[in-house]
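The structure appears below as structure tokens.
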Amino acid sequence: MAFLVLKIFKFLLPFLYIATSWMYGRAFFKDDSLAKRLKTKFLVFTLTFHFIYLIIRTAELKHPPVTSIFELLCVLGFSLSLAYILIESMTKIKNTGFFATLISSLLVLIAGIFSRDVYGFEHDVLKNELLALHVTSALVGYSAFALSAIYGLLYIMLYHKLRTKTFDTVYKNLPNLETIESMMYKSAIVGFVALTLVIIFGFIWLPRAFENFSYTDAKLVGTFMIWIVYAGGLGVKKITSLTGKKTALMSIIGFILAFILMAFANALSGFHKFY
Amino acid sequence: MDLVLIGLNHKTASVEVREKLYYTLDEVEKVLPEIVQLFLKEGVLLSTCNRTELYGVFRDESVKCEDVINFLISGKRAEDIVKHSHFYIMRSYDAVRHLLEVASGIDSMLIGDVQILGQVKDAYEVAVKCGVVGTLLHEVFHTAFRTGKRAKTETAISEGAVSVSYAAVELAEKIFADISKKKGLLIGAGETAELTAKHLVSRGINELYIANRTIERAEKLAKEFNGKVVKLDEIQDKLGEVDIVISSVAVNDYILNFSQVKSAMAKRGNKPILIIDIGVPRNVDPKVREIENVFLEDIDSLEAIAKANYERRLNEIPKVQKIIDEELKNLIKWYDAHQVAPTIKLLRERFEKIRQAEIEKYRNKFSPEDFQKVDALTRSLVNKLLHTPTVSIRESSNGKPDSERIKFIQFVRELFGLEQK
């Protein structure tokens, strides 16, 4: 019975995210007043639904939803939208949830298609409290990088609209350049700090947990490369007080690089691979 | 409803006509008691640069609208310019609806004008001061204030800059998070440029530099805006420091060329700069736009922003109309409640309820036959007691104006505790 409920939740979840994203899109691009009124309520509902799903799933399958890459993607989708809604409630930036919820929709959809509902731990090494810290940091880190890239994208959009004198609905709904840039920078910092923690926890836990541990594993190298990319970007910005369009581009490129590196690393990894 | 509106506005009369019939608040204070004494029971005179409207209740049936119009015209000695055809006359709920439209800004020349609600309030307060506001106008005008406030907060009817100078400020606020941390430079003078500078100052701009060919003019503006005068040849230096430049000079050559701005950008660490060029011919080389983090906008941009905002306001009108419908409905409800019949009904119901509650307490102390007698006795007692009040309430509507009746009925309602919770 509970397993059936789980299946229904899993099936509905992507649709809820897509519907939420569609509403944010209507509000952002079309100024639709109904969507404007309902979008945040819808997102709260979707997040609550997602949270209940995660709880039921953990209780039923007897393991936290972090034991495979697809389970993680599902939680990443949740944490990204959660981070967005916190920002929405704390700042005046209200109309930019389209991109966050869109990425969440994609992540949850992929997770919904590929993740398997297996009882118990498939890998005994994952029964470890350091895993929780390692994985939580990774979730925070990648959510923050995604948000930073979203702000980068918004910056480019507004920059372009200002330069081409396109004063349309999207222009009206965007916050100002300075605010976007500051959010973009803060997100990148949060992501970078979290990724540093991921690496530290990983270095403590991984050698102890895995017999076939290797420092040259693709995922370790990949993660370290992402860390270097962001360290370099943030360093360059700090030293040369780089500002404006270039930093926005850097944030977007950083995230795309991280995405590609992680995709390759997951495919090539030896011991650090859980599907 | 006895309410009458006699007025003219920008839709029925040209500015030459409107200015002739414009009453300042001081003038209203003098003329309104006179108008009321001659024609009205109560009245409010609303006069702005776009309208002069008299809201009131006629003293009696012998008062003619034409006489009131004649009085308004002759009071201003405007017989040659202002004609009767410039006026419109509305009655009852049409007049109320019009006032609600005025207060919410959708009857304004510039839709969503924020000033009008304040002007309506001022007009009302002057009338209160003159002692010529009765119960009816009190309720009608408070409905108008509420409608205006709701329109402003619940819809986007007054959102967005619709003038060119405000559009410039809005543009600056789309780039910078906090104007009070930014510096500005005003090159030259001109109406739009000065107005923009004024708005930036009112937004608390950190520093404003002013450059002008005639130094006296620069000094005068600096004094007005609490700014600092710079010489024209110092502009290049200042460019590295300021974030917003407004240029409006009548010259044939560019004041700012590509290399000047390029080197200024290097000096300012490539931080974004907004340059608003409203000079004709243009003061800033359009090629400057190609430099990264430089936002060069001209009068066309500002006009496009103002136009887009105005169109958005126009789209909000149906929402405002909906609020007006709601408020008008509430007013009608209030008005109906102060009619004679419902009040008498309420009064009787109230007494009957008390009577029933009281005799119910003694039901067991009487035999059924005695109880019937007590029931009849109390019923007749209540009827007798209510006879005179009922007649008085009924008579309150006989040939008397709304205001007096409403006042009386309000008194009755309070006296007998008839207000519905």
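The values are calculated or read from the model by the stated rules, or taken from the named source; none is laboratory data. Bear in mind that the values here come from a model prediction, so they are computed numbers and not experimental data. Positions of Cβ are generated from backbone atoms using ideal geometry, with glycine treated the same way; all protein chains shown enter the neighbour counts. Note: areas computed on protein heavy atoms with side chains; ligands, DNA, RNA excluded. Shrake-Rupley method; radii C 1.70, N 1.55, O 1.52, S 1.80 Å.
Rundown of residues vs (1) under 17 Å from the mean Cα position of the chain (by Cα); (2) within 14 Å of chain B (Cβ to nearest Cβ); (3) of a type outside the set (A, V, I, L, M); (4) not in a helix (DSSP H, G or I), yes/no style:
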{"residue": "A:V190", "(1), (2), (3), (4)": "yes, no, no, no"}
{"residue": "A:T196", "(1), (2), (3), (4)": "yes, no, yes, no"}
{"residue": "A:R208", "(1), (2), (3), (4)": "no, no, yes, no"}
{"residue": "A:F213", "(1), (2), (3), (4)": "no, no, yes, yes"}
{"residue": "A:T216", "(1), (2), (3), (4)": "no, no, yes, yes"}
{"residue": "A:G222", "(1), (2), (3), (4)": "no, no, yes, no"}
{"residue": "A:I228", "(1), (2), (3), (4)": "no, no, no, no"}
{"residue": "A:V236", "(1), (2), (3), (4)": "no, yes, no, no"}
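Just one of the listed residues (B:E234, B:E219, B:E241) is more than 11 Å from every other protein chain (Cβ to nearest Cβ) and open to solvent by 80 Å² or more (accessible area, probe 1.4 Å), namely B:E219.
Please tell me if B:K319 is farther than 18 Å from B:A167 by Cβ, among the basic types (K, R), within 14 Å of chain A (Cβ to nearest Cβ) and assigned to a helix (DSSP H, G or I). Yes; evaluated as a whole, the condition is true for this residue. Considering every residue within segment B:12-20, establish whether at least one is in contact (Cβ under 8 Å) with a residue 40 or more places away in the chain, in contact with a strand residue (DSSP E or B) (Cβ under 9 Å, 6 or more places away or on another chain) and not aliphatic (A, V, I, L, M). Yes - at least one qualifying residue is present in segment B:12-20.
Among the conditions (1) open to solvent by 100 Å² or more (accessible area, probe 1.4 Å); (2) modelled with pLDDT of 80 or more, the only one that B:N398 does not satisfy is (2).
Remark: B:I210 matches the filter, which requires a residue to be at pLDDT 85 or above, outside any helix (DSSP H, G or I), over 24 Å from B:V162 (Cβ atoms) and away from every other protein chain (no Cβ under 14 Å). Criterion applied to B:G160, B:G148 was being open to solvent by less than 20 Å² (accessible area, probe 1.4 Å) and either assigned to a loop (DSSP other than H, G, I, E, B) or away from every other protein chain (no Cβ under 11 Å) (or both), and the one residue passing it is B:G148. Within segment B:253-305, the set of residues being more than 10 Å from chain A (Cβ to nearest Cβ) and among the small types (G, A, S) comprises B:S259, B:S263, B:A264, B:A266, B:G279.
Can you spot a residue in segment A:163-177 that is in a helix (DSSP H, G or I), modelled with pLDDT under 90, closer than 16 Å to A:G244 by Cβ and facing another protein chain (nearest Cβ under 8 Å)? Yes, segment A:163-177 has at least one match. The number of residues in segment A:212-231 that are touching a residue at least 40 places away in the same chain (Cβ under 8 Å) and farther than 14 Å from A:A146 by Cα comes to 10. Between A:L106, A:L102, the distinction of being in contact (Cβ under 8 Å) with a residue 60 or more places away in the chain, open to solvent by 60 Å² or more (accessible area, probe 1.4 Å), not assigned by TED's automatic domain parsing to the domain that holds A:A209 and not polar (S, T, N, Q) belongs to A:L102 only. Restricting segment B:260-284 to residues that are out of contact with any Asp or Glu (no Cβ under 9 Å at 6 or more places or on another chain) and closer than 26 Å to A:A248 by Cβ, the residue that is least open to solvent (accessible area, probe 1.4 Å) is B:G269. Taking (1) more than 14 Å from every other protein chain (Cβ to nearest Cβ); (2) at pLDDT 85 or above in turn, B:A250 satisfies each apart from (2).
Among the residues making up segment B:174-196, those that are away from chain A (no Cβ under 14 Å) and under 28 Å from A:N173 (Cβ atoms) are B:G184, B:T192, B:L195, B:T196. Just one of (1) surrounded by fewer than 16 Cβ atoms within 10 Å (Cβ to Cβ); (2) within 30 Å of A:H160 (Cβ to Cβ); (3) over 15 Å from the mean Cα position of the chain (by Cα) trips up A:I200, so point out which. The one condition A:I200 does not meet is (2).
For B:D325, state whether it is acidic (D, E), within 9 Å of another protein chain (Cβ to nearest Cβ) and without any contact (Cβ under 8 Å) to a residue 12 or more places away in the chain. For B:D325, the condition - acidic (D, E), within 9 Å of another protein chain (Cβ to nearest Cβ) and without any contact (Cβ under 8 Å) to a residue 12 or more places away in the chain - is not met. If you go through segment B:1-17 and keep only what is open to solvent by 20 Å² or more (accessible area, probe 1.4 Å) and not acidic (D, E), you end up with B:M1, B:H10, B:K11, B:T12, B:S14, B:V15. Evaluation of B:H98 against the conditions (1) outside any helix (DSSP H, G or I); (2) open to solvent by less than 50 Å² (accessible area, probe 1.4 Å); (3) within 16 Å of B:K11 (Cβ to Cβ) shows that the sole unmet condition is (1). Would you be able to tell me the number of residues in segment B:335-363 that are open to solvent by less than 40 Å² (accessible area, probe 1.4 Å) and outside any helix (DSSP H, G or I)? Qualifying residue count, segment B:335-363: 1. I'd like the full set of residues that are in contact with an Asp or Glu (Cβ under 7 Å, 6 or more places away or on another chain) and surrounded by 18 or more Cβ atoms within 10 Å (Cβ to Cβ), limited to segment A:1-39. Answer for segment A:1-39, where residues must be in contact with an Asp or Glu (Cβ under 7 Å, 6 or more places away or on another chain) and surrounded by 18 or more Cβ atoms within 10 Å (Cβ to Cβ): just A:R26. Within segment B:22-45, track down each residue that is closer than 21 Å to B:I81 by Cα and either at pLDDT below 85 or open to solvent by 30 Å² or more (accessible area, probe 1.4 Å) (or both). The answer is B:Y22, B:T24, B:E27.
Within segment A:7-58, the set of residues being in a helix (DSSP H, G or I), free of Cβ contacts under 8 Å to residues at least 24 places away in the same chain and farther than 17 Å from A:I85 by Cβ comprises A:I8, A:F15, A:R26, A:S33, A:L34, A:I55, A:T58.
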